[in-house]
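Reading through the C-alpha cells given below for one structure.
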Amino acid sequence: MDKSVKTIARPAASRSLREAIRNARLEEAERLDRSADRRDGEIARLELLKAELETVFAELPDHDDRFNLVLVPSRPARLWIDLFTYAAIDDASGAYRFVRNSENGRRTLFSATNVADIADRITRYIAKEFVRRERQEVAPDEAGRPARLEGEAAPSRAGMGVVIGAFAIGILTGAVGLLVTVLLTAP
C-alpha cells in the first residue's frame, strides 16, 4: 500500500528540471524568432515608406534643416520626419501610424495601411509646416515691424554704453592692479 501511494503522488520521470529548462529555452527561442521576424517586417515596411518620401525630401531647400528623414531601428522602429513627428507600425493592426510628440504626450495624426496614403499625408504635413514657418518669419511683431529673420542681429539700444562702461572699468582695474604691484615690489 505504501508503494502505490508513492507512485500516485509522484509519477516516475514526470518532473525533470533539465527537460523544463530545455522546453523553456525552446519557447523563448520561438518567441524571439517571432519578435525578430515582426521587427524585421516593421523595418522593411518603414524602408518602403522612406523610399516613397525621399523624392519629397530631395525637393526641400538646402538651408532648411527642420526636416530629416531618418530610420531608427529602435523598438518600435521609427521613421523620423522632423524633431517631433515620426512614422511607426502599429503592433495591433499593422497599420502605418503618423505620430507627433508634444508636451501633452503622443498624438496619432494619421493612420493608414497603404504606403501611398501615409506618404501623401506626410507630404502634406511637411508642406503645411513649411508654409507655417514662412508665415512666422515675415509676421509683424507687436510694434508693427516685420519680425527678424533667422540670423539677423537684434537692434541695439543701450548695448554700446554697456560695452564702453565695461571697457572703462577694465582699464581702471588693470591700472590699480599695476600700481599696487609696483608699490609692493619696490624696495
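Give me the distance in nm between label points sitting 7 Å out from Cα along the Cα-to-Cβ direction at Ala44 and Leu183, one decimal.
Going from the Ala44 label point to the Leu183 one covers 8.6 nm.
Take Asp91 and Glu103, extend 7 Å from each Cα along the Cα→Cβ direction, and tell me the distance between the two endpoints in nm.
3.0 nm
Please give the residues of segment 35-50, grouped as numeric ranges, whose backbone N is less than 18 Å from a label point set 7 Å along the Cα-to-Cβ vector of Arg75.
Residues 35-44 qualify, since their backbone N sits under 18 Å from the label point.
May I ask for the Rg/Rh ratio of segment 2-138, computed from Cα atoms with Rh as the Kirkwood radius, given to two decimals?
Radius of gyration over Kirkwood radius for segment 2-138 works out to 1.35.
Just so you know, all these numbers are worked out from the coordinates, no wet-lab data involved. It should be emphasised that the depicted structure is a prediction, and the values quoted were computed from it without experimental measurement. Using ideal geometry, Cβ is built from the backbone for each residue, glycine included, and neighbour counts are taken over all protein chains shown.
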